[in-house]
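Here's the structure we're looking at; comments come further down.
The values are calculated or read from the model by the stated rules, or taken from the named source; none is laboratory data. Remember, it's a predicted structure, so these values are computed and weren't measured experimentally. Ideal geometry is used to build each Cβ from the backbone, glycine not excepted, and the neighbour counts take in all protein chains shown.
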Amino acid sequence: MNSKIQKINDEIERTKAKIAELQALLPELERKRTDAENTEILRLVRSANIAPGEIAAFVESIKSGRQDSRQNDGRLPLNNGAAPPAIKKEEVSENDQA
């Protein structure tokens, strides 16, 4: 076989091997991303001191497409419209400051 064709065939095989390797890696990377997103969501919810019922109502309003619960500035009201509690400096962990 022509050496030029053989080089192309070799490159094709290397490329196929690399594709297979990356396809095997992809599900694990997607799982890690989902875990990181879930961790961030939990951190945000916990830091907002939102009652479970309020979280459920918020999610339901998003799922149903209702936007009538939004304030004039587009934010969703928390704690029945009351301002969220202030977070004291000692309550903020090193991870939250990053």
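Please state which of the following conditions residue 28 fails to meet, knowing it meets all the rest: (1) surrounded by 10 or more Cβ atoms within 10 Å (Cβ to Cβ); (2) in a helix (DSSP H, G or I).
(1)
Looking at segment 74-91, is at least one residue surrounded by 10 or more Cβ atoms within 10 Å (Cβ to Cβ) and either of a type in the set (Ser, Thr, Tyr) or at pLDDT 85 or above (or both)?
No, the conditions are met nowhere in segment 74-91.
I need every pair where a residue in segment 38-60 that is in contact (Cβ under 8 Å) with a residue 40 or more places away in the chain has its Cβ under 8 Å from the Cβ of a residue that is of a type outside the set (S, T, N, Q), sequence separation at least 6 or different chains.
Every condition considered, the pairs that remain are 43/96; 47/87; 47/96.
Can you tell me which residues in segment 4-58 are at pLDDT below 95 and small (Gly, Ala, Ser)?
Result: 47, 48, 51, 53, 56, 57.
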